[in-house]
Amino acid sequence: MKAPTFLPVITLLAAALAACSHGAPNPPSLAPRAAESIDPRLPIERALVERSVGAGLRDQLASLVGQARAGDAAYRAARGPAERAAAAAGPLRSESWISAQQALSALEAARAATLKAMGDIDAIAGDAVANKGAIGASDFIAVQAAADEAAALDRAQRATIARLNSRIAR
């Protein structure tokens, strides 16, 4: 009996390995790229195209800020009775405590117009990004100014409610 020869198997294996060993025709360069010479910590300077805020957006923002102010006026009208009720609040679950809680709830409800206006102002920027992919710089600045004004009213309202709440919780 003849011993098996491994010569054909070894030849086939050597040919397969040789096929995988050729070098790439143009290997990538290891030289620094142009983008690598830019310091990533430096701000990118872009020229902003100044464009005025459109009349439609300006009117819409003015209307929403007006709604926020009207909501604040309603809130201020409800604040006096709530402050008097909180000052007169007795122990937990007493009639005066319940009356103070109801006045505080009315004060919270009076914030609704301000909160709705804040949400509508935020939605303007969100809708612009969702529909157009971006919002112009001048439009963003106008929306931000309106949002800041409504947020200032909201902060003052929340601070008063927190103060009255702590007075009632005593």
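A compact table of results
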read-out	value
Cubic angstrom per residue, convex hull over Cα atoms of the chain	355
Whole-number accessible area per residue in Å² for the stretch 86-170, which is evaluated in the context of all protein chains at 1.4 Å	55
Relative contact order (%) - the chain, alpha-carbon pairs under 8 angstrom, separation at least six	28
Helix-only CD estimate at 222 nm, as mean residue ellipticity for the chain, using -39500 (n - 2.57) per DSSP H run (n ≥ 4)	-24000 deg cm²/dmol
Within a Gaussian network of the chain (alpha carbon springs, distance under 10 Å), most fluctuating of Ala55, Ala85, Ala16	Ala16
Fraction of accessible area attributable to carbon and sulfur, the chain (%, probe 1.4 Å)	63
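The values are calculated or read from the model by the stated rules, or taken from the named source; none is laboratory data. Owing to the predicted nature of the structure, the values given are computational and were not obtained by experimental measurement. Ligands, DNA and RNA are excluded from the accessible area calculation, which covers all protein heavy atoms including side chains. Shrake-Rupley method; radii C 1.70, N 1.55, O 1.52, S 1.80 Å.
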